[in-house]
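Before any comments, here is the structure.
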Amino acid sequence: MKARAIIVAAGKGERIGGNVPKQFIEIKKKPILAYTIERFERCEQIDEIVLVVPEDYMSFCSYRVVDVCDFVKVKKIIGGGKERQDSVYKGLSALPVDTDMVLIHDGVRPFISIQKLRKLIGLCEKEKAVILAQPIKETVKRVEDHNVITTLDREKLWIAQTPQVFEYKLILKAYKKALEDGFIGTDDSSLVERLGFKVKVLEGEYGNIKITTADDLILAERIIERLDS
């Protein structure tokens, strides 16, 4: 099977500050996005990678990330859209027609394990739609106007992560349907779910953090130090 990955890194990352989008911020002299790509580059089941980045950073990403790190699986770097969903759709449209399976991943989740990638791919071959998620640990309240409406059953609540992995024809159909209906989902899986298709859940990893704030940068540096030790 031809398994290809779309790494979505088209956001501006304004909440984190700095002179460049957060995916290009360097930790120990290497951009965050490079750490992310490295995991997919090293997974033997993945044939090709498409990067989706801000249009004005396409050249920068090519020479500062792909060329410097000598990533051979990155075949295309394309400009993103206004919203994440637009960026993913552009990535899906850029994949070769012989693609069987696609992994969609956030560019600022640099610590997904290669073992978990392999498990996702193997499970997707059977289930056609698989996401990573972690059981929630805290008590969750539904709140309106700063008043608690109800306490939710946390035993049934999971926090979604990426990669999310799909049969290519299925996720492309889901994206086209969402475009026709003007539907904006909070993740890729939600577009497949509205087709009535069941999505399998594989338990994720607590280390698979999404770098969003300056505090996350500190945590990421500590994770890298631990991995290098």
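The values are calculated or read from the model by the stated rules, or taken from the named source; none is laboratory data. All figures in this text were calculated on a predicted structure; none of them were measured in a lab. Cβ sites come from the backbone with ideal geometry, for glycine too, and all protein chains shown count toward neighbours.
Observations on the model:
- Scoring residue 71 on the criteria (1) outside any helix (DSSP H, G or I); (2) crowded, with 18+ Cβ neighbours inside 10 Å; (3) of a type in the set (A, V, I, L, M, F, W, C) leaves a single failure, condition (2).
- Scan of segment 154-185 for residues that are charged (D, E, K, R) and at pLDDT 95 or above, ordered by number: 167, 169, 173, 176, 177, 180, 181
- Counted as qualifying within segment 140-229 are the strands (runs of 3 or more DSSP E) with 1 or more residues that are in contact with a His (Cβ under 7 Å, 6 or more places away or on another chain) and under 25 Å from residue 40 (Cβ atoms), namely 158-167.
- Which numbered condition residue 59 misses (of (1) outside any helix (DSSP H, G or I); (2) out of contact with any helix residue (DSSP H, G or I) (no Cβ under 8 Å at 6 or more places or on another chain); (3) polar (S, T, N, Q)): (1)
- Apart from one condition, residue 47 fits all of (1) surrounded by 14 or more Cβ atoms within 10 Å (Cβ to Cβ); (2) within 29 Å of residue 226 (Cβ to Cβ); (3) not aromatic (Phe, Trp, Tyr); the exception is (2).
- Residues of segment 52-86 that are closer than 14 Å to residue 9 by Cα and among the aliphatic types (A, V, I, L, M): 52, 53, 58, 65, 66, 74, 77, 78.
- Within segment 103-133, the residues that satisfy the criterion of being in a helix (DSSP H, G or I) and either touching a strand residue (DSSP E or B) at 6+ places or on another chain (Cβ under 8 Å) or without any contact (Cβ under 8 Å) to a residue 60 or more places away in the chain (or both) are 115, 116, 117, 119, 120, 121, 122, 123, 124, 125, 126, 127.
- Taking segment 78-108 as the range and being surrounded by fewer than 21 Cβ atoms within 10 Å (Cβ to Cβ) and within 18 Å of residue 65 (Cα to Cα) as the test, the residues that pass are 78, 79.
To keep it simple, each residue is scored yes or no on (1) of a type in the set (Asp, Glu); (2) modelled with pLDDT under 95; (3) part of a helix (DSSP H, G or I); (4) more than 17 Å from residue 188 (Cβ to Cβ).
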{"site": "1", "(1), (2), (3), (4)": "no, yes, no, yes"}
{"site": "4", "(1), (2), (3), (4)": "no, no, no, no"}
{"site": "7", "(1), (2), (3), (4)": "no, no, no, no"}
{"site": "36", "(1), (2), (3), (4)": "no, no, yes, no"}
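- So residue 85, is it in contact with a Phe, Trp or Tyr (Cβ under 8 Å, 6 or more places away or on another chain) and in a strand (DSSP E or B): no
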